[in-house]
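Input: a single structure, listed below in structure tokens.
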Amino acid sequence: MFSYRVLCVVLYAAFASAFVAFPASLSSAEEKPKPQVLFTDVNIFDGTSDTLAEGMSVLVEGNLIKKVAKGDIEARDDAKVIDGGGRTLMPGLIDSHVHFNIVIEGGLDKIEASRWDRIAAVAAHSARDWFMDGFTTVRGMGGMGNGIKMTVDEGLLVGPRIYPSGSYISQTSGHGDILLGSQRDPQSSNLVRLGVAQLADGEDAVRAAVRKNFAEGASQIKIMIGGGISSEKGPLFAAQYTDGEISAAVEEAAMRDTYVAAHVYQDAHVRRALELGVKSIEHGQFISEETAILLREKGVFISPYTNGLTPEALLHPVYGKAGTPQNIKSLEFQEDSKNFVDVMKKVKPKMVFAVDVVNLTGEDARKNRDFEKFAFARFFGNLQALRSMTSVAGELAALTGQNNPYPGKLGVIEDGALADILIVDGNPLEDITVIGGNPKFFDAEPRGEGIKTIRVIMKDGKIYKNTLN
Ligand SMILES: [Zn+2]
């Protein structure tokens, strides 16, 4: 009894002192000011404007942009000052279509044959490589849950903010049916077991697949509703998923306050997606003017890669190889997408920048990204390219609603926005090469990690690269 009482007293004392200590430590946390970084003498591309705002300063406090103003801004004495020397300050770039878990070179067979540690290690490399190119945010369009994202957010791995979709969801014999001929049971597939792909047939199975992705940290959902170029089982002409199956995914995503993105090319399939409530059209290059108008009216985003529209696309190590199934599909793609640029320029829907690197790593992935920047700007102009890489992509990120893993404004330089910032040599509104655009594609010279003219990379208020001082 006595010992019980002593124990109670000891416990009580510990409890009480914890309570006394708690408010004290709270108030000291409140008193500790958030670090400040002051950028001076910069010309700002704010994510939307067609001209640079000259002679500006930007004050970052903690992970937010506290103030943007002309001339000087007052900061605390302990603020770190970075003199931009008249260079351009702009939002961090956003690639709205990545697949870090399916970039291993050699095609899907090679990835299917890879163990998890190889897949994860290559994905970690990609996260860092995209980031050092100035991509402070990426949207995973299928193939990864939140594992890499968590590792980056914890500071263990250098990489961008990641909006994961979880596994991509496909019907059997759809674009995401990655089973090899010998694998009749989905569970015999490495990529299915690892959660890179899910095969789901029927409304209930689609619902379960969506829920599984949310359980693995998806911020939005990716489904395949038409054929693709890299896949062999989904011909480009064929529709995939019934209205009921697509609606099931859309309803499940809406219950999570977020949205469905759909892989789709054909005009009729895009229209069906729009009518069923899909909010992001992945690719969509066969879209007609009428459908593009509907897309704009519904405020739906389109996320096209443009390198596939160029003659240089046939330099691609896989798609360019004459006579392969991917090459035949690439030629079909080029024929069917020939009105795309004109339609986009005329209708002006919300278009994001989306490189869609698959089966490419290291230098090859860099060449793909650099040429995509160049091609996009050549087709649509530098301003549209820059908006698509920043403010428009930031709007798309915000479609994740209460499911947004990074609440706050992305892709803009303004008071209160998340502090994802680049400083670059030169003016990207006039010269897209200053952010890495390269007129050469797979014939480009290897360049190593990072882009030299991107001098400062800040994400969430933290500086990861600074070659100014
Ligand atoms: Zn893709």
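Figures for the structure shown
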| quantity | calculated |
| --- | --- |
| Subset of segment 318-350 that is more than 16 Å from the ligand (Cβ to nearest atom) and aliphatic (A, V, I, L, M) - its residue that is farthest from the chain's Cα centre (by Cα) | 322 |
| Out of 421, 457, 463, 451, sole residue that is closer than 22 Å to residue 58 by Cβ, of a type in the set (A, V, I, L, M) and surrounded by fewer than 20 Cβ atoms within 10 Å (Cβ to Cβ) | 463 |
| Filter result (more than 15 Å from the ligand (Cβ to nearest atom) and either assigned to a loop (DSSP other than H, G, I, E, B) or in contact (Cβ under 8 Å) with a residue 60 or more places away in the chain (or both)) within segment 258-277 | 258, 259, 266, 277 |
| Count of residues meeting criterion [buried (at least 24 other Cβ atoms within 10 Å of the Cβ) and part of a helix (DSSP H, G or I)] in segment 345-364 | 0 |
| Subset of segment 353-371 that is closer than 16 Å to residue 389 by Cα and within 13 Å of the ligand (Cβ to nearest atom) - its residue that is farthest from the chain's Cα centre (by Cα) | 368 |
| Pick from segment 128-152, criterion assigned to a strand (DSSP E or B) and touching a Gly at 6+ places or on another chain (Cβ under 9 Å), ranking: farthest from the ligand (Cβ to nearest atom) | 136 |
| All positions within segment 96-117 that are over 15 Å from the mean Cα position of the chain (by Cα), of a type outside the set (Gly, Ala, Ser) and in a loop (DSSP other than H, G, I, E, B) | 104, 105, 115 |
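Bear in mind that the values in this text are calculations on the coordinates, not laboratory data. The shown structure was predicted, so the numbers you read here are calculated from the model rather than taken from an experiment. Please note: Cβ atoms are built from the backbone with ideal geometry, for glycine as well, and neighbour counts cover all protein chains shown.
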